[in-house]
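A.B. asks: Starting off with a structure, shown below.
The values are calculated or read from the model by the stated rules, or taken from the named source; none is laboratory data. Given the structure is predicted, the values throughout are model-derived calculations rather than measurements. Reconstructed Cβ throughout: ideal geometry from the backbone, glycine too, with neighbour counts over all protein chains shown. Ligands, DNA and RNA are excluded from the accessible area calculation, which covers all protein heavy atoms including side chains. Shrake-Rupley method; radii C 1.70, N 1.55, O 1.52, S 1.80 Å.
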Amino acid sequence: MEVRLLGSVIARFGEGEAPLRSARTQGLLAVLAWEPNQVIPYATLIDRIWDESLPRHPRAALYTLAARLRAAFGIEGRDRVVRRCGGYVLLTAPDAVDVQRFRDVVGQAREKAGNGAEAARLFDEAIGLWRGAPLAGIPGTWAERVRTTLEQERLSAMLACAEARLRLGRYAETVPFLAGLADEHPLDERIASLLMVALYRCGRQGDVLERYTVVRRRLVGNLGVEPGASISEIHRRILRGELVSVASRADGR
């Protein structure tokens, strides 16, 4: 069994995909897979799945939803969703859920900080598990909180990956990687700083200065603040022709 939450919610058994035909059914699977092998109480399930749009008979609606999920799993997986101790539990190996695999591989990558090539490879592997916005199409406050948590974890992993690549001298390939992140997070100074270092290392000083100007304009215009000390120092060193030492610190050298 494989459950995917890093994108649309999907359950697979071998080569086949379970036909989860409604967002509510996908939502039940997401809530159970978020904490596999733990009993999730009825009240928690109802709150997370229906939020403020409760059905007239919530417990009965939950039973029906669980039955539909079991039916979608078919003979191979119907025993995976078990009613127990005032709630339901999804029985599966923890690493069968892509969120857990992502976290495990990121943890391995961080442990390999002294081996840049292996760390970068593992970060790439973890990031490759993502297929889009997590829990795509699942409504409700709980799903939104989970999306926020996972997106923060993804961003942290991607920045660590970029830093590992810079330490290896893989500047040219890191520029588009960071540029994509900068488009997603236009006010993030850490991303902008790393991108400026990568651009400078590629000999693109003009692009570095343009990037700083754009970031400063956005910070002043949107937040009413000037750029922070780190990115400002990189900018000053570029103007003085002294970026080598600052770039070395920023990319871990």
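A.B. asks: Between a residue in region 116-138 that is within 13 Å of Val106 (Cα to Cα) and any residue that is aliphatic (A, V, I, L, M) and open to solvent by 50 Å² or more (accessible area, probe 1.4 Å), which pairs come within a Cβ distance under 7 Å, given they are 6 or more apart or on different chains?
C.D. replies: Pairs that qualify, where the first residue is within 13 Å of Val106 (Cα to Cα) and the partner is aliphatic (A, V, I, L, M) and open to solvent by 50 Å² or more (accessible area, probe 1.4 Å), are Ala119/Ala113; Ala120/Leu168.
A.B. asks: Residues Pro94, Pro36: which one is closer than 20 Å to Arg12 by Cβ, surrounded by fewer than 18 Cβ atoms within 10 Å (Cβ to Cβ) and in contact with a Pro (Cβ under 7 Å, 6 or more places away or on another chain)? Don't jump to the end; show me each part of the working.
C.D. replies: On the way: Pro36 fails: surrounded by fewer than 18 Cβ atoms within 10 Å (Cβ to Cβ).
Exactly one of Pro94, Pro36 is closer than 20 Å to Arg12 by Cβ, surrounded by fewer than 18 Cβ atoms within 10 Å (Cβ to Cβ) and in contact with a Pro (Cβ under 7 Å, 6 or more places away or on another chain), namely Pro94.
Listed here are the residues, each with its yes/no results for (1) modelled with pLDDT of 95 or more; (2) in a loop (DSSP other than H, G, I, E, B).
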{"residue": "Gln100", "(1), (2)": "yes, no"}
{"residue": "Asp104", "(1), (2)": "yes, no"}
{"residue": "Gly114", "(1), (2)": "no, yes"}
{"residue": "Arg121", "(1), (2)": "yes, no"}
{"residue": "Pro134", "(1), (2)": "yes, yes"}
{"residue": "Arg147", "(1), (2)": "yes, no"}
{"residue": "Leu150", "(1), (2)": "yes, no"}
{"residue": "Arg154", "(1), (2)": "yes, no"}
{"residue": "Leu166", "(1), (2)": "no, no"}
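A.B. asks: For Ser22, all conditions in the list (1) more than 14 Å from Leu135 (Cα to Cα); (2) at pLDDT below 95; (3) not charged (D, E, K, R) hold save one; what is the number of the exception?
C.D. replies: Failed condition: (1).
A.B. asks: Six or more apart or on different chains, Cβ under 8 Å: which pairs go from a residue in region 142-169 that's closer than 24 Å to Ala23 by Cβ to one that's of a type in the set (Val, Ile, Thr)? Could you list them?
C.D. replies: Filtered contacts from region 142-169: Trp142/Val31; Leu150/Val99; Glu153/Val106; Arg154/Ile127.
A.B. asks: What's the number of the only condition in (1) of a type in the set (Asp, Glu); (2) over 24 Å from Ala126 (Cβ atoms); (3) at pLDDT below 95 that Glu17 fails to meet?
C.D. replies: (2)
A.B. asks: Find the residue count for region 168-198, including only residues that are farther than 18 Å from Arg217 by Cα and not in a helix (DSSP H, G or I).
C.D. replies: 3
A.B. asks: Is one or more of the residues making up region 130-141 over 30 Å from Ser53 (Cβ atoms) and open to solvent by 40 Å² or more (accessible area, probe 1.4 Å)?
C.D. replies: For region 130-141, residues over 30 Å from Ser53 (Cβ atoms) and open to solvent by 40 Å² or more (accessible area, probe 1.4 Å): absent.
A.B. asks: Shifting gears a bit: Looking at region 146-168, which of the residues that are under 9 Å from the mean Cα position of the chain (by Cα) and closer than 20 Å to Glu35 by Cβ is surrounded by the most Cβ atoms within 10 Å (Cβ to Cβ)?
C.D. replies: The residue in question is Leu150.
A.B. asks: Let me ask something else about it. Could you list, ordered by first residue, the pairs with Cβ atoms under 6 Å in which the first is in region 36-54 and free of Cβ contacts under 8 Å to residues at least 60 places away in the same chain and more than 15 Å from Trp142 (Cβ to Cβ) and the second is among the hydrophobic types (A, V, I, L, M, F, W, C) and open to solvent by 30 Å² or more (accessible area, probe 1.4 Å), at least 6 apart or interchain?
C.D. replies: Close Cβ pairs (under 6 Å, with a partner that is among the hydrophobic types (A, V, I, L, M, F, W, C) and open to solvent by 30 Å² or more (accessible area, probe 1.4 Å)) amount to Val39/Cys85.
A.B. asks: Let me ask something additional. Which one is most open to solvent (accessible area, probe 1.4 Å), of the residues in region 2-22 that are touching a residue at least 40 places away in the same chain (Cβ under 8 Å), in a loop (DSSP other than H, G, I, E, B) and out of contact with any Leu (no Cβ under 9 Å at 6 or more places or on another chain)?
C.D. replies: It comes out as Arg21.
A.B. asks: Mind listing whichever residues of region 71-91 are modelled with pLDDT of 90 or more, of a type outside the set (A, V, I, L, M, F, W, C) and buried (at least 16 other Cβ atoms within 10 Å of the Cβ)?
C.D. replies: If the condition is that a residue be modelled with pLDDT of 90 or more, of a type outside the set (A, V, I, L, M, F, W, C) and buried (at least 16 other Cβ atoms within 10 Å of the Cβ), then Arg80, Gly87, Tyr88 are the ones that fit.
A.B. asks: In addition: Please verify whether region 85-105 includes one or more residues that are under 30 Å from Ala60 (Cα atoms) and basic (Lys, Arg).
C.D. replies: no
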